[in-house]
Amino acid sequence: MTKIGEGGGLPKSPSIQDYKNSVDLNSMKFLNALESYNVASDPEEKAQLKAIMDQQLALINSAVKEIKQAGIYKQDVKVENDYKQFIQSNSPDAKEALEEDIQTLRDYTKL
């Protein structure tokens, strides 16, 4: 147990790069869940995968808000809209648009 005064100071605040890394990581997790969701046939499994995608999207959104970069914010809104469309229609076109938008969002984290 650490005593008061030990431990080397205050914790470091996350940097913009940390938030960009978070967007990239959670985007990959989202895409993995999306692929599994697309091939799943069991309604219970689909519900679990949708919950995972919802959680990853929430984590992406919170990191994007911290980055405060106009282009990435607009892309995040586009991802949210495409995700809603995909969940409603479950069409291949909606899935493809969502995957492209997630990839574009990931590309913004590399800038």
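The values are calculated or read from the model by the stated rules, or taken from the named source; none is laboratory data. Source: prediction; values computed, not measured. Cβ sites come from the backbone with ideal geometry, for glycine too, and all protein chains shown count toward neighbours. These accessible areas exclude ligands, DNA and RNA; they are computed on the full protein's heavy atoms, side chains included. Shrake-Rupley method; radii C 1.70, N 1.55, O 1.52, S 1.80 Å.
Which residues, counting only those in the stretch 16-30, are closer than 9 Å to residue 109 by Cα and open to solvent by 70 Å² or more (accessible area, probe 1.4 Å)? If the condition is that a residue be closer than 9 Å to residue 109 by Cα and open to solvent by 70 Å² or more (accessible area, probe 1.4 Å), then 17, 21 are the ones that fit.
Would you point out the residue of the stretch 66-103, among those that are among the charged types (D, E, K, R), over 12 Å from the mean Cα position of the chain (by Cα) and under 23 Å from residue 15 (Cβ atoms), that is surrounded by the fewest Cβ atoms within 10 Å (Cβ to Cβ)? Write out each step before concluding.
Just the residues of the stretch 66-103 that are among the charged types (D, E, K, R), to begin with: 66, 68, 74, 76, 78, 80, 82, 84, 93, 95-96, 99-101.
Subsequent filtering for residues that are over 12 Å from the mean Cα position of the chain (by Cα) retains 66, 68, 74, 78, 82, 84, 93, 95-96, 100.
In the following step, the residues that additionally are under 23 Å from residue 15 (Cβ atoms) were identified as 66, 68, 74.
Working: 66: 15, 68: 10, 74: 13.
Among them, the one singled out is 68.
Listed conditions (1) surrounded by 12 or more Cβ atoms within 10 Å (Cβ to Cβ); (2) under 23 Å from residue 38 (Cα atoms); (3) small (Gly, Ala, Ser) are all met by residue 51, apart from (1).
Among residues of the stretch 91-111 that are within 18 Å of residue 56 (Cα to Cα), those with a beta-carbon under 7 Å from a residue that is charged (D, E, K, R) at least six positions away or on a different chain give the pairs 97/82; 98/82; 101/78; 101/82; 105/76; 106/24; 109/20; 109/24.
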